[in-house]
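These notes are about the structure you will find just below.
The values are calculated or read from the model by the stated rules, or taken from the named source; none is laboratory data. Since this is a predicted model, take the numbers as computed values, not measurements. Please note: Cβ atoms are built from the backbone with ideal geometry, for glycine as well, and neighbour counts cover all protein chains shown.
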Amino acid sequence: MKKLINHPQNVPAEFLAGLALAHADILKVCLDPVYVVRVDAPVPGKTGIVSGGGSGHEPMHVGYVGKGMLDAACPGQVFTSPTPDQIEAATRAVNGGAGVLHIVKNYTGDIMNFEMAAELCQERGIEVRAVVINDDVAVEDSLYTAGRRGVGVTVFAEKLCGAAAQRGYDLARVEALCRKVNGNGRSMGMALTSCTVPAAGKPTFELGEDEMEMGIGIHGEPGRERMPLLPAAELTARMAATILADLPFRGGDEVIAMVNGMGGTPLMELYLVYGELERILRGLRIRVARRLVGNYITSLEMAGCSITLLKADDEMRALWDDPVLTPGLQWGI
Amino acid sequence: MAVGKPEVLKWLEVLQQVYAENRQWLTELDSAIGDADHGINMDRGFTAVKAELAAHPPSEIRSVFQSVATALIRHVGGAAGPLYGTFFLRAAAACPRKTEIEAADVVALFQAGIKGIEQRGKAVGGDKTMLDALLPALDAMRKGLENGCSLAAILDAGAVAAHAGMLATVAMQAHKGRASYMGARSIGHQDPGATSSYLLLKAAADTWRS
Ligand SMILES: Nc1ncnc2c1ncn2[C@@H]1O[C@H](COP(=O)(O)OP(=O)(O)OP(=O)(O)O)[C@@H](O)[C@H]1O
Ligand SMILES: [Mg+2]
């Protein structure tokens, strides 16, 4: 294992210390239990937005704390969901009296820890609603799985719900928006390499020089199938086809698109994939209204990418353009 | 034999060692069908349990279980934190306020804890989870109790059944948890949670035998 760390066990605490120093104008890091919160929280009367998940996906979630996005984020250990006491403390810290939305990615651990936290908050009289994001088309959604994973759409949901709350949407409206975003967004990812969890010390899986893993999530877990490496045009076409058929997206639709790097892929390659994607979408008369190209929801140093498409309406497009000031996303300010 | 607070504390001390020793193995099992953190999670959890019990020595058996639950819920995260945390919460609630608990109490305590895991995770036997070690173990322990066996024999039967249940997960396809994302590719691998549950029972059988 080759990483810029001191001790594997201390990685989460030490990276948060750095984050706090680097972005003291935007956020602060609370310890015991650990959560990251907007400097000006709680904002009186504003619906609070809290998310969280394992560390190792930066900038998600801690890098999306700030004005116009998350009020707080709860980072767990690397790839391990946060604990109920963290989530409860963060929820209390951001509750401005208007209740709090939990944006939860669909993983067994995250679901159970957020559920236990919501029970604790409700006991204390804080109104909490939870929306579960499950946009990964690589997973079959059936009774025989834990359901689809939450991946790229989480970034869109956090941006759009954060903007809505900043505009003054109440809890029920922000929740409805979050469900709409989740219902209209789909993602799929692929990996060229595995990644190494610091505390585990070696790669989670092995991939041959000429192989790729299609349909991966964001935790270094193996994907849907292993196959020979394809040229970017072909693998983009394959991922796009699976995503497009699933919603389905149709000619005339407008989308917000993301080509996301898994952490170890250069921007050069991500733009190359984006070029392929937009060409495919144009051919189908699907207009890309807004886009993100870069590392937004990563899997440590994994090489590879994911594609997310969100069918956007006027409300979503307007909220997208609202100002946002976080370490990971900023414009309009 | 009856189990008093010293025996309960001894079990937890042994568990901390067992999970530290098996950290690598559990993590390797989890890297085949999960996200390579189960051993790390269990080791971190029971190290926190040890620290909590040392810092705030509980006065009775039931408060030992409560402290264990709190430490696990706060420090483990993942799926295992809420599941094992709920196990000990329910065990605490089912634990009579006695200085020594009998075989029937021990079985009742496991039964309440395992029911809690079923409710929290909504999994059933055959889903390739920790329940595939725990449910057969509970069955075996209940039978032992009905047959008037000693606590040591009851726990041995539980550990043997958990071991068989753990091995049986190899042939199963996962329907719950992270491993379910792999579909049929989850077949052929032993479930990490079933393995940590077997270790939990084995440690009880080993420490509460004399
Ligand atoms: N719904 C469930 N009910 C019972 N046991 C479960 C359930 N889901 C998962 N498990 C058990 O949990 C084990 C995995 O625990 P682990 O500590 O690795 O959590 P995790 O799934 O990796 O959590 P996270 O997704 O937050 O990292 C599995 O091997 C399985 O036995
Ligand atoms: Mg795991």
Residues satisfying the stated conditions in region B:48-68, i.e. buried (at least 23 other Cβ atoms within 10 Å of the Cβ) and within 16 Å of ligand 1 (Cβ to nearest atom) = B:V49
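Pull up region B:4-30, narrow it to residues that are of a type in the set (D, E, K, R) and within 14 Å of chain A (Cβ to nearest Cβ), then point me to the one that is nearest to ligand 1 (Cβ to nearest atom).
Filtering first and then ranking leaves B:D30.
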task = Could you tell me which residue of region B:31-47 is nearest to A:G223 (Cα to Cα), considering only residues that are near ligand 1 (Cβ under 8 Å from one of its atoms) and more than 9 Å from chain A (Cβ to nearest Cβ)?
result = B:H38
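Condition check ((1) in a helix (DSSP H, G or I); (2) modelled with pLDDT under 95; (3) within 15 Å of the chain's Cα centre (by Cα)) across all residues:
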position	(1), (2), (3)
B:V18	yes, no, yes
B:S31	yes, yes, no
B:D35	no, yes, no
B:E52	yes, no, no
B:S63	yes, no, no
request  = With the condition kept exactly as written, say whether any residue in region A:16-28 is surrounded by fewer than 22 Cβ atoms within 10 Å (Cβ to Cβ) and touching a Ser or Thr at 6+ places or on another chain (Cβ under 7 Å).
outcome  = yes
inquiry  = Take A:A89 and tell me if it is within 14 Å of chain B (Cβ to nearest Cβ) and surrounded by fewer than 24 Cβ atoms within 10 Å (Cβ to Cβ).
reply    = yes
remark   = For A:V139, the lone unmet condition from (1) assigned to a helix (DSSP H, G or I); (2) crowded, with 23+ Cβ neighbours inside 10 Å is (1)
key: Looking only at region B:187-210, and only at residues there that are within 14 Å of ligand 2 (Cβ to nearest atom) and surrounded by fewer than 24 Cβ atoms within 10 Å (Cβ to Cβ), the one that is farthest from the chain's Cα centre (by Cα)   = B:H189
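State yes or no: is A:V255 touching a residue at least 40 places away in the same chain (Cβ under 8 Å) and not in a loop (DSSP other than H, G, I, E, B)?
Working: touching a residue at least 40 places away in the same chain (Cβ under 8 Å): yes; not in a loop (DSSP other than H, G, I, E, B): yes.
Yes: the conditions hold for A:V255.
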query = For region B:76-102, which residues satisfy the criterion of being over 16 Å from B:L138 (Cβ atoms) and either assigned to a helix (DSSP H, G or I) or within 16 Å of ligand 1 (Cβ to nearest atom) (or both)?
reply = B:V76, B:G77, B:G78, B:A79, B:A80, B:G81, B:P82, B:G85, B:L89, B:A92, B:A93
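Yes/no per residue for (1) farther than 30 Å from A:A146 by Cα; (2) part of a loop (DSSP other than H, G, I, E, B); (3) within 14 Å of another protein chain (Cβ to nearest Cβ):
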position	(1), (2), (3)
B:A140	no, no, no
B:G158	no, no, no
B:A161	no, no, no
B:G165	no, no, no
B:H175	no, yes, yes
B:R185	no, no, yes
B:G188	no, yes, yes
